[in-house]
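Here's the structure, in structure tokens; my notes come after.
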Amino acid sequence: MTKQGVNPQVTVIGCDGRPFAPEAAEALATAQRVIGAPRHLDAAPIPATAERIQLRHLDEALDAIAARVGPTAVLASGDPGFFGIVRALRARGIRPYVIPAVSSVADAFARIGLDWDDALIVSAHGRNPRQALAAALAHPKAAILTAPGTAPELARELFAAGKRVYAVELLGTPQERVTEAPGHVLADPNVLISLDPDDAPSEPRWLAGHPGAPDGWALPEDAFEHRDSMITKPEVRALVLARLGPAPGRTIWDVGAGSGSVAVECARFGAWVIAIEADPAQCDKIRRNAERHHVRLRVHHGRAPEALVGLPPADAVFAGGGDHTVLAAAIRLASPRKVVVTLAAVQRVGETTTLLAEQGYRAEGVQLQASRLAPLPGKNHRLAAQNPVFVLWGQRWEER
């Protein structure tokens, strides 16, 4: 096996609790120093002459690798090229030779006998756990690589949302165990697997993980159950979606969700959506519309602004109608990067723009007035004008 294009002085070896392959054992036998977590150092056949360096802080370990000359072996969990140390080494200009083991995610799914080409894989290790949680809540099957101390709260949130949660702990060690969580104090390191309760097998996939953007959006009004045409029109919804920027890992509030057309469309892009609605009948419509389009979201029954208290922060907020008390409360409680508002009354445009500016947003907006083709006798058509709508949006100045 060649090492063309890599640094032959640095070899990264994946550890999964299985015996080291001959190639990995050879790299360890010739290493002048071996860097890794204590559990990996204890399990590896390291020659007595090699220096052992415990990997406690990543930056310190990277400094040691970059500064020293001579064969160096780095021990890492599973596949080091998958959410692992290889990326950090390459960022330092080191292109190591990698000998991977089975990834912890593959091992975790194998332990519970599940296929995983349709699973969303997210990391809460050294990253914002809110993103990982939002992505897992919105997807039927997900695996979360956790950081020390983050797994219990993530497991509780997923379980509270109705997910089945498995904790695969201490993989490759004598203490390895697989349990349904929550239920005990979780040990580190671990992988959490989150599943919809029905756990129904999906159709064969050609693309792993999230399926990507839906094959169409700004769906027609008859794609949703709604009351007396009280629904955000497709032409308006298209711009609203563009400004909200729904995607996996993002949390979006739809305040005064009505039939939930905006909420459902955001969820179709993989966002985790909380639809806040005061009318119980409309809440039922949102649930039916979500089920119709095979998406997962949270319906929160209550009247804003009181109903907004205690909700998790959001990356973006959508509010129709322009009630300033509600909008100000949503901004204060959600602390979103983006806010999108739709208005019918021209008098509210200046007031809402001022409110957004006072809250630290750069406000922009347009008036949308679509004219739809409508049939006439003799195979002719006319343009049927729709009511104009103002769409305002704001993004925090410091994040532009």
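Please express the shape of the stretch 1-155 as an equivalent ellipsoid: the semi-axes are the square roots of 5 times the eigenvalues of the C-alpha gyration tensor, given largest first in whole angstrom. If you can, show how the numbers build up before the last one.
Working: eigenvalues 175, 57, 43 Å².
The answer is 30, 17, 15 Å, longest axis first.
Counting each DSSP H run of 4 or more residues in the chain as -39500 (n - 2.57), what helix-only mean residue ellipticity at 222 nm follows after dividing by all residues, to the nearest 500 deg cm²/dmol? Write down the numbers at each step before the final one.
Details: 12 runs with 114 residues, N = 400.
Estimated from H runs of four or more residues: -8000 deg cm²/dmol.
If you wrap a convex hull around the alpha carbons of the stretch 83-219, what volume per residue comes out, as a whole number of Å³?
Hull volume over Cα atoms, normalised by residue count, gives 161 Å³.
Roughly speaking, what is the centre-to-centre gap between the stretch 195-256 and the stretch 140-166 when only Cα atoms are used, to the nearest Å?
Result: 23 Å between the Cα centres.
What number does the stretch 251-307 give for Rg over Rh if you use C-alpha atoms and the Kirkwood radius?
0.93
Given the stretch 9-49, report the % of alpha carbon pairs whose separation exceeds 12 Å. Walk me through the numbers on the way to the answer.
Values: 461 of 820 pairs.
For the stretch 9-49, the fraction of Cα-Cα distances above 12 Å is 56 percent.
Find the relative contact order for the stretch 269-390 and round it to a whole percent, using C-alpha pairs within less than 8 Å whose residues are 6+ positions apart. All intermediate terms of the calculation are to be shown ahead of the outcome.
Working: 157 pairs, mean separation 21.0, N = 122.
That works out to 17 percent.
How high is the FRET efficiency from D188 to A281, r the C-beta distance, R0 45 Å, rounded to 0.05?
Taking R0 as 45 Å, the efficiency between D188 and A281 is 0.45.
For the stretch 223-354, what ratio Rg/Rh do Cα atoms give with a Kirkwood hydrodynamic radius?
Expressed as Rg/Rh, it is 0.93.
So for the stretch 182-286, what are the equivalent ellipsoid semi-axes in whole Å, largest first, each being the square root of 5 times an eigenvalue of the Cα gyration tensor?
Rounded to whole Å, the semi-axes are 30, 18, 14.
Run a plain Debye calculation on the chain (Cα atoms as equal point scatterers, no solvent) and give log10 I(q)/I(0) at q = 0.06, 0.10, 0.11 Å⁻¹, rounded to two decimals, same order as the q list.
One equal scatterer on each Cα of the chain leads to -0.33, -0.78, -0.88.
Using only the alpha carbon atoms of the stretch 342-395, find the Kirkwood hydrodynamic radius as the inverse mean reciprocal pair distance, in angstroms to one decimal.
After inverting the mean inverse Cα-Cα distance, the result is 13.0 Å.
Hand me the chymotrypsin sites (Phe, Trp or Tyr not before Pro) from the stretch 166-252 located in a DSSP loop with no more than 15 other Cβ atoms within 10 Å, in residue order please.
Sites meeting the loop and neighbour criteria: W206.
Let me check something: with ligands and nucleic acids excluded, how do F82, F159, F109 order by accessible area (1.4 Å probe), largest to smallest?
F159, F82, F109
In vacuo Debye scattering of the stretch 286-400, one point per C-alpha: log10 I(q)/I(0) at q = 0.10, 0.19 Å⁻¹?
For the stretch 286-400 at q = 0.10, 0.19 Å⁻¹, log10 I(q)/I(0) is -0.42, -1.04.
With springs connecting C-alpha atoms under 10 Å apart, model the chain as a Gaussian network and identify which of G172, G17, G216 has the largest mean-square fluctuation.
Answer for the Gaussian network model of the chain: G216.
The values are calculated or read from the model by the stated rules, or taken from the named source; none is laboratory data. Keep in mind that what you see is a predicted model, and the values were worked out from it rather than measured. Virtual Cβ from ideal backbone geometry, glycine too; neighbours counted across all protein chains shown. Just the protein is used for accessible areas: all its heavy atoms, side chains included, with ligands, DNA and RNA removed. Shrake-Rupley method; radii C 1.70, N 1.55, O 1.52, S 1.80 Å.
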